[in-house]
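S.K.: Next up is a structure, given as structure tokens.
No value in this document is a laboratory result; all are computed from the given coordinates. These numbers were taken from a predicted model, which means no experiment stands behind them. For neighbour counting, all protein chains shown are included, and Cβ atoms are generated from backbone atoms with ideal geometry for every residue, glycine included.
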Amino acid sequence: MRTSNGLKSFVVYFLLLVGSVVMLVPFAWMLSTSLKESFQVFEVPVRWIPSPIKWHNYVETFTGLPFGKWLGNTVIVTISTIVGTLLSCTVVAYGFARFRAKGKNFLFIVMLSTMMLPGTVTMIPVFYLFQSLGWMNTFYPLIAPAFFGNAFFIFLLRQFFMGIPTEMEEAAKIDGASTLGILIRVILPLTVPALITVAIFQFNGVWNDFMGPLLYLNKPELYTLALGINFFKSENNVQWNFLMAASVVTMLPSLIFYFMGQKYFVESITLTGQKG
């Protein structure tokens, strides 16, 4: 039995190792290319370790492109949408989890059914809505929807809220706490893993969003990183080493944010699965 289990573990870990290597090869090529001279990019065989190493490519990326402006725009949109998502989804999820009202379950089902609507179905009517509001070439179309909730995040937080014992809230009510006070002082501190999970998902979705900025932003000074890098790539005589340097810098915040919140992310998924 021990031999059989050991063999199974070896096979599993070997397959995971092979899969990890396959997944990391494109990243390794991107990182290597970002440190090469232009004429070395498409050399055959591939030179994985650049010689010489051109750290100056990253400096050229920031000075030769409005990269700092694009980065600032992306940070503004991302932080605003994270704040809006956490505020709206937390309040709605708490209402679905704790409040008693006629039709609550029906409304919850209707909300979940919106997850089955492809984005391409709502893209045109939403575009005309924001156009009629005069919000073209502003960040409002990218930020405002976050303040109206997200069905998946509301479902995730609702399941987490339902796993919190109601006795804690009842004790707070006896002490004179209001509903908002209970949510802020009792529930939210216990929901940190789920909130961080929502923030991670929202961050990755908005930071790498291309379609939204493409629809609503036409001025280069308003571009986000995803749109700006694609604009740079579409130009003639693309310098691939500079493009890869920009891609590395763009990807780093997502990696850092995920690894910082990985512990809470795993904890949230585990607890939600157990108590849901």
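S.K.: Report, in degrees rounded to the nearest 10, the 0 to 90 angle that the Cα long axis of helix 2-33 makes with the longest principal axis of the chain.
M.R.: 60
S.K.: Next up: When a/c reaches 1.5 or more, the comparison of a/b and b/c decides; with that in mind, is the chain rounded, prolate or oblate per its Cα gyration tensor? Don't jump to the answer; show the numbers that get you there.
M.R.: Numbers: a/c = 2.41, a/b = 1.40, b/c = 1.72.
Judged from the Cα gyration tensor, the chain comes out oblate (a/c at least 1.5, b/c at or above a/b).
S.K.: By the scheme Lys and Arg +1, Asp and Glu -1, what is the net charge of all other residues having a beta-carbon under 11 Å from that of Gly95? It would help to have the intermediate numbers written out before the result.
M.R.: Numbers: positive: Arg98, Arg100, Lys104, Arg158; negative: none.
So the surrounding residues net to +4.
S.K.: Can you give the extra length, in nm with one decimal, that the chain gains between Leu112 and Ala28 once fully stretched, where that is 0.36 nm per residue apart less the Cα-Cα distance?
M.R.: The span from Leu112 to Ala28 would gain 26.3 nm if fully extended.
S.K.: Further question: Taking amide H positions as placed in the peptide plane 1.01 Å from N, state which residues far from Thr224 in sequence (5 or more) or on other chains have amide H under 5 Å from it.
M.R.: Answer set, sorted by chain and number: none.
S.K.: Each residue of the stretch 131-140 in order: what ³J(HN,Hα) in whole Hz does its phi give by Karplus 6.51 cos²θ - 1.76 cosθ + 1.60, θ = phi - 60°, with x for Gly and Pro?
M.R.: Once θ is set to phi - 60°, the couplings for the stretch 131-140 become 5, 5, 7, x, 9, 5, 6, 9, 7, 4 Hz.
S.K.: Each residue of the stretch 64-71 in turn: what ³J(HN,Hα) in whole Hz from Karplus with 6.51, -1.76, 1.60 and θ = phi - 60°, glycine and Pro shown as x?
M.R.: Whole-Hz 3J(HN,Hα) from phi for the stretch 64-71: x, 10, x, 5, x, 5, 5, 5.
S.K.: Also, quick follow-up: Treating only the Cβ atoms of Lys and Arg (+1) and Asp and Glu (-1) as charged, compute the dipole magnitude of the chain about its Cα centre; round to the nearest 20 debye. Working shown, then result.
M.R.: Working: 17 positive and 11 negative charges, 119 e Å.
So the dipole magnitude of the chain works out to roughly 580 debye.
S.K.: From the cross-link list Lys54/Lys263; Lys219/Lys263; Lys8/Lys36; Lys104/Lys173; Lys104/Lys263, which pairs have alpha carbons spaced over 31 Å apart? Let's see the in-between values first.
M.R.: On the way: Lys54/Lys263 35 Å; Lys219/Lys263 39 Å; Lys8/Lys36 42 Å; Lys104/Lys173 23 Å; Lys104/Lys263 33 Å.
Correct reply: Lys54/Lys263; Lys219/Lys263; Lys8/Lys36; Lys104/Lys263.
S.K.: At what distance in angstrom do the alpha carbon centres of the stretch 168-229 and the stretch 61-95 lie from each other?
M.R.: A separation of 10 Å, based on Cα centres.
S.K.: Go through the stretch 91-103 residue by residue and turn each phi into a ³J(HN,Hα) via Karplus (6.51, -1.76, 1.60, θ = phi - 60°); whole Hz please, and just put x for glycine and proline.
M.R.: Calculated HN-Hα couplings, in order: 5, 5, 5, 5, x, 5, 7, 10, 6, 9, 7, 5, x Hz.
S.K.: Rounding to the nearest 20 debye, state how big the charge dipole of the stretch 127-248 is about its Cα centre with +1 on each Lys and Arg Cβ and -1 on each Asp and Glu Cβ.
M.R.: On the way: 5 positive and 7 negative charges, 43 e Å.
Using only the charged Cβ atoms, the result is roughly 200 debye.
S.K.: Now, a different point. Among 8-20, 68-80, what's the highest-first ranking by average C-beta atoms within 10 angstrom per residue? Show your work: numbers first, answer last.
M.R.: On the way: 8-20: 10.0, 68-80: 17.8.
Result, highest mean first: 68-80, 8-20.
S.K.: While we're here: Which one, Tyr258, Ile76, Tyr128, is farthest towards the positive end of the dipole of the stretch 64-275 when Lys and Arg carry +1 and Asp and Glu -1 on their Cβ?
M.R.: Among Tyr258, Ile76, Tyr128, the one farthest towards the positive end of the dipole of the stretch 64-275 is Tyr128.
S.K.: Based on the mean of other Cβ atoms within 10 Å per residue, sort peptides 189-200, 209-220 so the most packed one is first.
M.R.: On the way: 189-200: 19.6, 209-220: 16.4.
Highest to lowest by the protection proxy: 189-200, 209-220.
S.K.: Something else now. Could you give the length gained on full extension between Lys263 and Phe147, defined as 0.36 nm per residue of separation minus the Cα-Cα distance, in nm?
M.R.: Details: separation 116, 0.36 × 116 = 41.76 nm, distance 2.67 nm.
Here the segment from Lys263 to Phe147 would lengthen by 39.1 nm.
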